[in-house]
Amino acid sequence: MMGLRSVLRRGFDRVERGLDRLFGPDWNPLANLGPLGWFLFWIVAGTGIYLFIFFDTGVVDAYASVQWLTEDHWFHAGLARSLHRYASDLMVLAMLVHLLRELVFDRYRGRRWFSWITGVPVLWFVYLSGITGYWLVWDELAQYVALTTTELLDALPVFAEPIARNFLTPESLSSRFFTLMVFLHIAIPLLLLLAMWIHIQRISQARTKPARGLAVLTLVALVAASLLMPATSQAPADLATVPARVGIDWFLLSLYPVIELLPAGVIWTGVLVFSVLLIGLPWLPRRKEAPAAVVALDHCNGCARCVADCPYSAINLVPRSDGAPFPHEVEVNADRCVACGICMGACPSSTPFRRSGDLVTGIDLPAYSLAELRTQVIAAAGGLSGPGRVLTLACGHGAGGLPEAGRIVLPCVAMAPPALLDFIISRGLADGICIAGCAERECWNRLGGEWMRERVARRRDPFLRERVPRERLLVVWAGPSETGRLRRETAAFAEQLAAQPSYDKARPLSQDELAKGEATAVQRELAE
Amino acid sequence: MKGRLRHLILGGAATLALSLAVAYLSAAPGWQSLPADMALLRVSFTHSGDRSASCRERTPEELAELPPNMRIAKVCDRRRPPIYVEIEIDGATVLAEELPARGIAGSGPSRIYQRFPLPAGRHDIAVRLRDRPATQGFDYVGETQVTLVPAQSFVIDFRPESGGFVFK
C-alpha cells in the first residue's frame, strides 16, 4: 500500500508540475480542487435558480418547457441549462480527483479524519442531486433513469407498493410526481451545501474560492463549451415504449449500466460496503501521529500568533488560568493537532539564542522540540565544510524529504521560526540557508508555505530580522519528484555564496554549545 | 509570451479542452439498455391473499371473557397467506412463485414486479394466480396473444375489480 501510494504521489506530482507550467502554481487546478468544487456548486446553484423560472412541472409540460428554453431561448436559458449540466459534471470530476488526491497524499487519516468522513455524504448528495435533475427533463434518458432507479429502490423492503408501477403506462404517471422531483432537486442540493459546510469546519481559513484567474478561466471555458456543444434533450419520454438506447451522462449516471447488469442486492450491498469502507479508511490502519503541541504557560503571553497561523483550528485563545498579568492563554485541542510545528515557528518565544536554562518556548512539539531542532541544526552545521556552506531546512513532504548531510527535515518548513534562520547566519553555523518547502502550488500543511514566505519577506509576524542578509537565504518550493532541481539550485546557491565574502558579523557559538551539537551528531550516527 | 498571458492562453486552452471533453461525455457514448430487436414485458401488481380460511367463530365462553364492546364473533388471523403466481410465455413457464405477504407482521399485500425482455414478434402469454391456500387450481387466469414491436413496453397488471388480469 505504501509503495503504491508513493508511486501515485509521484505521479500526481509530475502531472501537477506540468499543470504548473500551463497555469502557474497559484492557478493550478489540481491544487484548487476543493475551491473549484465550491465555485462549480455556485454556478450550478445560480443557473438552477434561473432555470426554475422557466420550468413547468407536468408530464407533458416538463419536456415542453425544457425544449422551449433550449431551442427558443438558447442564448440565455439554453446557455444556463448547458452551464448547469457541464458545471455539475465538472464538479463530479473535481470531487473524485480531490478524493483520490487526498487519499494518495495521506491526508485522510489520524487527526484529519473528520474532513475525510464528512466528505462521504458530499459524494452521495452530489450524485443524488444529479440524478433528480436528469429526471426533471422527462426525455428518454429521464425515463431510463426513473425506471432503473425505482426498480433499484423497490428491491428495498420498505415500499408497500412497487414505486416502479408509477412508470408502467402513460396513464399511471401524474404531474404531482414532477412536483415531488422538483422538491427533491432543491432539497438535496441544500443538504449538499450543509454537508460541504460541515466538511470544512475543522480547518482554518478554508479556501472556498479558487484563485480569481482560475475561476475566470473555468467560467469562460464552460460558457464556450456550452455555446459550442449545447446540452440538448433526447426524444420525449414515452411509457408505452422502453428507452432501448440512451445517451448517458458518464459523470453522474455511470453506475446505471452497472445497476442494470447486476442484481439489486449486489448493488445495495456494494453501495453499503463502499460507503462503510470509505468512512472506515482513516482507521485502516490508523496513523500513529506525533503527540500534539503543548503550551508552556511560563513562556506564553497569549499573543495569539499561533492561533492565527494554525491551519487546523487546533489552537484556541482562552481566559488566563495561571494568574499571570495577561488576559489570555492558548489551549491546544489535541484531537485536531497534526503536530506540523507551524505554531512553534509562529511563537515569538521560539528563539534559539537563549543561553540560560533549558530552551523552552511558548508552544512546542513534545516529539520534536525547539531545543531538539536547535541541537540538530548545530550538529548538521558541524558536518559542513569548505566555502559556500549551505544548511538546508527541508519539508518532509517535498523534494528534500529524505535526510542527508547538512539537511534538517521538518514536518513543515514553517516550523522553523525566523529567529532560527537568524541564529544559523549570525552564529556562523552556515554561509547560507536553503529553505526547501514542498510544492509551491499547495502546502502539504495547507498554510505553512504561505506563512514562511511572508515571514521571510518580513510581512508577517514573527518577522525575519533585518540583520539577516536576504541573499544568504534560498527558498525553493519543490515537490517530491523534483529532487534534481533542489540539488541543482542548492549547488548553484553554494557556488554563489562561495564567491561572496564571508559574513563578517558572525558571533560563533561557544565551545560548550558546539560540543553538545557534535555529541548529538555522534549519537545519531551510532543510532543509524 | 511571459507570465500571466502565457497562463491565460495555455491554461485557458487546457480548461476549454477539458470542458469540451466533459460536454461530450455528458451525453455520449450511448448505452444500449435493451438490444435493438427486443421488447419488454413487465408484470407488476399488488394483491392480498385471502385470509378467510383462517377465520373462526369465537365460542360463547370466549365471548363472555371479553369486554362487551369487544365481543366480535368472528376472529381472523392478522397475517395474510401468500399468493401463488405462474407466468407462461410461448408454452414455457418463466415464473412459478409463491409471493409472501409484505410488512413486518405479514399483514400487507403480496407484490410482484418482474421484467421479461422478449424478442419482437408474436407471443402467447398466460398468467395464473391463486390467492386462497385451500383452492386447487387458480382463482384468476389471463391469456393473451400479442405481437410486440422492438422497444415496446407491454404490461400485465391485475385488477380484481375489473375481473382480473389487464394486458396493455
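Points worth noting:
- Residue ranges of strands (runs of 3 or more DSSP E) in the range B:68-148 with at least 2 members open to solvent by 60 Å² or more (accessible area, probe 1.4 Å) and within 30 Å of B:P35 (Cα to Cα): B:92-99, B:110-119, B:121-130, B:140-148
- Taking residues in the range B:30-58 that are outside the structural domain of B:V149 (by TED's automatic domain parsing) and of a type in the set (K, R), and partners anywhere that are in a strand (DSSP E or B) and open to solvent by less than 50 Å² (accessible area, probe 1.4 Å), the pairs with Cβ atoms closer than 6 Å and at least 6 places apart or on different chains are B:R58/B:V75.
- Residues that are open to solvent by 70 Å² or more (accessible area, probe 1.4 Å) and under 24 Å from B:D131 (Cβ atoms), drawn from the range B:53-67: B:A53, B:R56, B:E57
- Here A:F326 meets the list (1) outside any loop (DSSP other than H, G, I, E, B); (2) over 21 Å from the mean Cα position of the chain (by Cα) almost entirely, failing just condition (1).
- Single residue of A:A244, A:A296 found to be modelled with pLDDT under 95 and of a type in the set (G, A, S): A:A244
- Count of the range A:258-292 residues, restricted to those that are without any contact (Cβ under 8 Å) to a residue 60 or more places away in the chain, within 14 Å of chain B (Cβ to nearest Cβ) and either open to solvent by less than 70 Å² (accessible area, probe 1.4 Å) or among the polar types (S, T, N, Q) (or both), is 1.
- Candidates A:A187, A:A160, A:A195: the one that is hydrophobic (A, V, I, L, M, F, W, C) and out of contact with any Ser or Thr (no Cβ under 8 Å at 6 or more places or on another chain) is A:A187.
- As a summary of the residue check, A:D364 satisfies the conditions (1) surrounded by fewer than 24 Cβ atoms within 10 Å (Cβ to Cβ); (2) touching a residue at least 40 places away in the same chain (Cβ under 8 Å) except for the one numbered (1).
- Number of the exception - B:G11 against (1) open to solvent by 30 Å² or more (accessible area, probe 1.4 Å); (2) assigned to a helix (DSSP H, G or I): (1)
- Of the residues making up the range B:102-123, those that are without any contact (Cβ under 8 Å) to a residue 40 or more places away in the chain and within 11 Å of chain A (Cβ to nearest Cβ) are B:R102, B:G103, B:I104, B:S107.
- A:E140 fulfils the conditions (1) modelled with pLDDT under 95; (2) more than 33 Å from the chain's Cα centre (by Cα) except for a single criterion, (1).
- All positions within the range A:241-256 that are within 14 Å of A:E151 (Cβ to Cβ) and within 7 Å of chain B (Cβ to nearest Cβ): A:V242, A:P243
- Cβ-Cβ contacts under 9 Å between residues 6 or more apart (or on different chains), taken from a first residue in the range A:198-219 that is in the same structural domain as A:P121 (by TED's automatic domain parsing) to a second residue that is in a loop (DSSP other than H, G, I, E, B) and open to solvent by 70 Å² or more (accessible area, probe 1.4 Å), are listed as A:I200/A:R207; A:A215/A:K209.
- Output for the range A:13-32, where each listed residue is hydrophobic (A, V, I, L, M, F, W, C) and open to solvent by less than 20 Å² (accessible area, probe 1.4 Å): A:F23, A:A31
- Scan of the range A:403-436 for residues that are free of Cβ contacts under 8 Å to residues at least 40 places away in the same chain and either over 28 Å from A:V7 (Cβ atoms) or open to solvent by 20 Å² or more (accessible area, probe 1.4 Å) (or both), ordered by number: A:P403, A:E404, A:A405, A:G406, A:R407, A:V409
The values are calculated or read from the model by the stated rules, or taken from the named source; none is laboratory data. In this text, all values refer to a predicted model and were calculated from it rather than measured experimentally. Positions of Cβ are generated from backbone atoms using ideal geometry, with glycine treated the same way; all protein chains shown enter the neighbour counts. To get the accessible areas, we keep the full protein, side chains included, count just its heavy atoms, and leave off ligands, DNA and RNA. Shrake-Rupley method; radii C 1.70, N 1.55, O 1.52, S 1.80 Å.
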